[in-house]
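**Student:** Submitted below is the structure of interest, expressed as structure tokens.
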């Protein structure tokens, strides 16, 4: 019997780590926001600042982490990160002031940077070439599956309170995360293996991403920075995250306060979004190594735009007053539900399909040799979207009393961002003599 390639064990472990981070904080942060705003009286802008702080820390650390991963590998970093992430969640449970809340998020952000999507992606990029999109799509299932747990976290927040929920979440992160972190190894060549488990991968029928991969050598980070593709992919990724992070932070609050949903009902909508995200990941798993990821990603940006516009104007189309009145009863269905459900399907599917392609495209374009530094430098650009999305939505919501203006601006920017992917053509590899 043929032995399963070790890289797939790393995919499974990485997906498990993504489940933990996604369910315990990334996608459940919106539920924390809705509860903390009521209990502590902190504004949407102040709470959004914690999410922004987390992303800014990731951007500052990105190039350093990229250099470290290229030089020493990601395995030790991932193991340390899961411990720091768990400690940060436990510290969160003891906060009483906004400053302490921010301090806890600094620790959470550090842990998430060390064991999160970036280092795990770099680890898998080194282990896969032929089936890179399939491996990274499988990894992204963890983010999607984590979203299914959002209603459970919301229930815990309402039943046991946010302090108990945060403390137990930290324990769960360390106890379950450390064994998975131990699975990661640096490069297949260090262990007598090669990428994909085969010596010379051949392109699957219709594959366009690996063509001409032997025509030159891999890019250095400096060479990648001089290509239009680096900047176009980074800008496109950043514009996508304007919507993704704004939705993660504010969608539950918008449905709760603007459309009359209870926190539990809004969390169920988020579950549909997650299921749609899983559907998008599965589609990406099937087609990502066969068709042009660049064009698919551009189409997904239009899906992000359409979905967020549906969520934004659901209350207007259905009648905000009627929707709010209907939503006051625990078992009532707000009148805006059809458009909200359409948002969940469109946004979730676009996110699940596009997300894994972001790192796969860069690896296809620039090679593996300096991929850690290249991704780390990209983080410094895409963080603008990660920070600006929640902040723009929160500031304009505080100023206008609703999310309509902020969400509309972010949706239109996502549509504009599709152009970055459409124009981001693959650069020619540097010559081996250069």
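The values are calculated or read from the model by the stated rules, or taken from the named source; none is laboratory data. Since the model is a prediction, treat every value here as computed from it, not as a measurement. We place every Cβ from the backbone using ideal geometry, glycine too, and count neighbours over all the protein chains shown.
**Student:** Just one of (1) outside any helix (DSSP H, G or I); (2) in contact with a helix residue (DSSP H, G or I) (Cβ under 7 Å, 6 or more places away or on another chain) trips up residue 144, so point out which.
**Tutor:** Going through the list (1) outside any helix (DSSP H, G or I); (2) in contact with a helix residue (DSSP H, G or I) (Cβ under 7 Å, 6 or more places away or on another chain), residue 144 breaks only (1).
**Student:** Okay, moving on. I need the full set of residues from the stretch 247-272 which are within 13 Å of residue 337 (Cα to Cα) and within 15 Å of the chain's Cα centre (by Cα), in order please.
**Tutor:** Across the stretch 247-272, the qualifying residue is only 270.
**Student:** Quick one: how many residues across the stretch 157-193 are modelled with pLDDT of 90 or more, surrounded by 13 or more Cβ atoms within 10 Å (Cβ to Cβ) and in a helix (DSSP H, G or I)?
**Tutor:** Total satisfying the criteria: 16.
**Student:** Among the numbered criteria (1) closer than 28 Å to residue 223 by Cβ; (2) in a helix (DSSP H, G or I); (3) at pLDDT below 90, which one does residue 301 miss?
**Tutor:** The one condition residue 301 does not meet is (3).
**Student:** Can you tell me which condition residue 120 does not meet? The list is (1) at pLDDT below 85; (2) within 14 Å of residue 12 (Cα to Cα), and all the others hold.
**Tutor:** In the conditions (1) at pLDDT below 85; (2) within 14 Å of residue 12 (Cα to Cα), residue 120 misses (1) alone.
**Student:** If you check every pair at least six apart or on different chains, which have Cβ atoms under 8 Å apart with a residue in the stretch 91-111 that is surrounded by fewer than 19 Cβ atoms within 10 Å (Cβ to Cβ) first and a residue that is in a loop (DSSP other than H, G, I, E, B) second?
**Tutor:** 98/42; 100/94; 103/95
**Student:** Here is a further query. Counting only residues that are within 20 Å of residue 178 (Cβ to Cβ), modelled with pLDDT under 85, surrounded by fewer than 19 Cβ atoms within 10 Å (Cβ to Cβ) and in contact with a helix residue (DSSP H, G or I) (Cβ under 6 Å, 6 or more places away or on another chain), how many does the stretch 46-83 have?
**Tutor:** Number of matching residues: 0.
**Student:** Checking the structure you have, find out if any residue of the stretch 234-249 is farther than 21 Å from residue 349 by Cβ and in a helix (DSSP H, G or I). It would help to see each step written out before you state the result.
**Tutor:** Taking the stretch 234-249 first, the residues farther than 21 Å from residue 349 by Cβ are 234-235.
Restricting the remaining residues to those that are in a helix (DSSP H, G or I) gives 234-235.
Within the stretch 234-249, one or more residues are farther than 21 Å from residue 349 by Cβ and in a helix (DSSP H, G or I).
**Student:** Please indicate, with yes or no, whether at least one residue in the stretch 37-54 is in contact (Cβ under 8 Å) with a residue 60 or more places away in the chain, more than 19 Å from the chain's Cα centre (by Cα), closer than 15 Å to residue 163 by Cβ and not in a helix (DSSP H, G or I).
**Tutor:** No, the stretch 37-54 contains no residue that is in contact (Cβ under 8 Å) with a residue 60 or more places away in the chain, more than 19 Å from the chain's Cα centre (by Cα), closer than 15 Å to residue 163 by Cβ and not in a helix (DSSP H, G or I).
**Student:** If you don't mind, another one. Considering 86, 7, which residue is crowded, with 17+ Cβ neighbours inside 10 Å, more than 21 Å from the chain's Cα centre (by Cα) and within 19 Å of residue 142 (Cβ to Cβ)? Spell out the reasoning first.
**Tutor:** Details: 86 fails: more than 21 Å from the chain's Cα centre (by Cα).
Only one candidate passes the filter, namely 7.
**Student:** Confirm whether residue 344 is modelled with pLDDT of 85 or more, closer than 16 Å to residue 252 by Cα and crowded, with 22+ Cβ neighbours inside 10 Å.
**Tutor:** Working: modelled with pLDDT of 85 or more: yes; closer than 16 Å to residue 252 by Cα: yes; crowded, with 22+ Cβ neighbours inside 10 Å: yes.
So residue 344 passes the test.
**Student:** Of everything in the stretch 125-140 that's closer than 21 Å to residue 182 by Cα and surrounded by fewer than 24 Cβ atoms within 10 Å (Cβ to Cβ), which residue is modelled with the highest pLDDT?
**Tutor:** Pass one, the stretch 125-140, residues closer than 21 Å to residue 182 by Cα: 125-128, 135-136, 138-140.
From what's left, surrounded by fewer than 24 Cβ atoms within 10 Å (Cβ to Cβ): 125, 138.
Values: 125: 83, 138: 80.
Across the stretch 125-140, the extreme among qualifying residues is 125.
**Student:** Give the stretch 93-141 a look and list any residue that's out of contact with any helix residue (DSSP H, G or I) (no Cβ under 7 Å at 6 or more places or on another chain) and part of a loop (DSSP other than H, G, I, E, B), or say none.
**Tutor:** 94, 96, 97
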